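In what follows, a structure is listed as C-alpha cells, so that the remarks can point back to it.
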C-alpha cells in the first residue's frame, strides 16, 4: 500500500510539473505568435474628454454619437412601457417573501 501511495504521489507530481511547463510554453508561444512589438497601433476604442468637458468616443476610427442619459431616461418615462414578466416576477417575489416571513414567525413562536 505504501509503495502504491508513493508511486501515485510521484506520478501526480510529475504530471503537475508537466502541466506547469506546458502552460509556460503556451504563454511563450502566444507572445511569439504576435510577431511584432510595435506599439504604434491604435486601440480599437478611444475615449477622450475635450476642453468643454464632453466625452468623445471613437470605435475603430469612427466617432460614436454622444447621448444624454437624462434625455433617454425621460423618453423611457414617457413611453411608460409595461413589462408583463417584470410585474409577474414582482408579484411572485412578494408572495414568496410573505409566505417565508409567515413561516419564520410561526417557527419562532413555537420556540
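Every number in this text was worked out from the coordinates using simple rules, so none of it is lab data. A quick note: this is a predicted structure, and the numbers were derived from the prediction, not measured. Backbone-built Cβ (ideal geometry, glycine too); neighbour counts: all protein chains shown.
Footprinting exposure proxy ranking of 57, 100, fewest other C-beta atoms within 10 angstrom first, gives 100, 57.
Stretching the chain fully between residue 49 and residue 73 yields a gain of 6.3 nm (0.36 nm per residue, less the alpha carbon separation). From least to most packed, judged by other beta carbons within 10 angstrom and beginning with the fewest, 23, 1 follow the order 1, 23.
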